[in-house]
1. Identify, please: which residue in the stretch A:71-88 is in a loop (DSSP other than H, G, I, E, B) and in contact (Cβ under 8 Å) with a residue 12 or more places away in the chain and is, among those, nearest to the other protein chains (Cβ to nearest Cβ)?
2. For the stretch A:180-192, what are the residues that are in a loop (DSSP other than H, G, I, E, B) and either over 28 Å from A:Glu70 (Cα atoms) or more than 12 Å from chain B (Cβ to nearest Cβ) (or both)?
3. When you go through (1) open to solvent by 10 Å² or more (accessible area, probe 1.4 Å); (2) at pLDDT below 95 one by one for A:Gly152, which number turns out not to apply?
4. Kindly provide the set of residues from the stretch A:148-166 that are more than 9 Å from every other protein chain (Cβ to nearest Cβ) and of a type outside the set (A, V, I, L, M, F, W, C), ordered by number.
5. What are the residues in the stretch A:205-223 that are over 16 Å from A:Asp114 (Cβ atoms) and open to solvent by 10 Å² or more (accessible area, probe 1.4 Å), if any?
6. Out of everything in the stretch A:104-116 that is touching a residue at least 60 places away in the same chain (Cβ under 8 Å) and not in a helix (DSSP H, G or I), what residue ends up being nearest to the other protein chains (Cβ to nearest Cβ)?
7. Among the listed residues A:Arg53, A:Arg68, A:Arg101, A:Arg60, identify the single one that is more than 26 Å from A:Asp132 (Cβ to Cβ), out of contact with any Pro (no Cβ under 6 Å at 6 or more places or on another chain), open to solvent by 10 Å² or more (accessible area, probe 1.4 Å) and within 12 Å of chain B (Cβ to nearest Cβ).
Amino acid sequence: MSGAERLEPLVGWQAPQVAEELPGLQLLYDTVEVGRAGPLTGDSPPDVQARLRELSNRVRGARAIGIRREPVAAAYRVFFRQVGMDPDVERTPIEAAVLERMLRGGFLSGGLLDDIMLIALLDTSVPIWALDADAVRGALGVRQSREGEPLGRGGDAPLLPEGRLVVADDDAALAVLFGDRAPGHVPRARTPRVTLYAVQVPGVPALFAEEALWGCAAALRSP
Amino acid sequence: MIQRRQQVADRERPAAEAGPGWRGPNALFAPPQTPPAEDAERAARATLRAQIAKLENELSQILADRFPFIAAPPAFGPAPAAPPAGPRLPGLGELERSRDRLATRLQELRSRAERRSENERRAAELLKKMELEPGRYKYYRVPVRDLGQSGCGVWEVRPRLGLIGMLAGWWELTLSSGCP
């Protein structure tokens, strides 16, 4: 891997109250120039589709049952509870993906970018999200939302209640933590640069989050 | 080797942009200004989070170990007047309620697991007796699921060679696949 391709994830900032209450929570992110020829929302190339098929064959019922005991997956379950969510209702990303695999009989392609993020999730159990890099202003971080604050900068942005944990840049909330991204900030078919971010929670080694980010970045950069 | 550029966490940001709890730049390194009661409450929340983590891990352990014989109980329904779902920083009361509900659920699962273990022990004892004295346990059946094993086989005491064995008193323990 050449120096230009090395991943240098940034560590996101945190509002002091978030840092005090949730020590160990960390946002890692990186901006990637898309090298793939096809559209990000279009069909995945054969190498990505083959990897999805391979993962479909590898992830079976036994893993679905035992996933609660896997350290990284369990860490996300615990974190969900600690931030007021019930992981049996709002499933953690890895559990949701494995459940989807069981219900559909395989990991179905959802477009190039979604497939790449799904593969990283299945490999590491660490979820990755992507934003349109050109719509991100400044550094990313985690903070609480203000009452009625819009999610994103668009005119039709939904309003957030007070105290929701959000991923934000310098002046706007861009995504709910583990949740929806702001309309208008999700990468489109021909978005040239994407900002990938991973949410690392207590109990998840940094190596896993970095590996997930690296996997996505490398897959997006390769032509 | 992956490199990382560390960012300063408490970079200067307008207070209005940082949301509730933002105490201005350099707050992380400023001398503590919180009253002791607030510190105590924060410590209590940290303790509750640790308890929640322990309970959740124990719960997951039981469910994964005893699948499919012990299914996950239904998820907690939203409590009346509960704050909307989504990630947030729960207060002391909400964390306590969450901890208590997890503890209740864990207790329920533990007692179900104990009952299940007792039933499996009894089934294993019965199977042993059926093996030793098949003539005393004619047509007794023990599904393998009752022994905590997967599959749909059934242990059964049957006459050897059908009618001849029945008349001659030749009984044996057999394992049928039981699967349709």
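1. A:Val83
2. Within the stretch A:180-192, A:Ala182, A:Pro183, A:Gly184, A:His185, A:Val186, A:Pro187, A:Arg188, A:Ala189, A:Arg190, A:Thr191, A:Pro192 meet the criteria.
3. Condition not satisfied by A:Gly152: (1).
4. Of everything in the stretch A:148-166, those that are more than 9 Å from every other protein chain (Cβ to nearest Cβ) and of a type outside the set (A, V, I, L, M, F, W, C) turn out to be A:Gly148, A:Pro150, A:Gly152, A:Arg153, A:Gly154, A:Gly155, A:Asp156, A:Pro158.
5. Selection gives A:Pro205, A:Ala206, A:Leu207, A:Phe208, A:Glu210, A:Glu211, A:Trp214, A:Ala218, A:Arg221, A:Ser222, A:Pro223.
6. Ranking the qualifying residues of the stretch A:104-116, first place goes to A:Gly111.
7. From the options A:Arg53, A:Arg68, A:Arg101, A:Arg60, the qualifying one is A:Arg68.
Per-residue answers, yes or no, for (1) in a loop (DSSP other than H, G, I, E, B); (2) more than 30 Å from A:Pro45 (Cα to Cα); (3) aliphatic (A, V, I, L, M):
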| residue | (1), (2), (3) |
| --- | --- |
| A:Ala157 | yes, yes, yes |
| A:Phe178 | yes, no, no |
| A:Val194 | no, no, yes |
| A:Ala198 | no, no, yes |
| A:Pro223 | yes, no, no |
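The values are calculated or read from the model by the stated rules, or taken from the named source; none is laboratory data. Fair warning: this is a prediction, and the values are worked out from it, not measured in the lab. Cβ: placed from backbone, ideal geometry, glycine included. Neighbour counts: every protein chain shown. Surface accessibility is based on the protein's heavy atoms, side chains included, excluding ligands, DNA and RNA. Shrake-Rupley method; radii C 1.70, N 1.55, O 1.52, S 1.80 Å.
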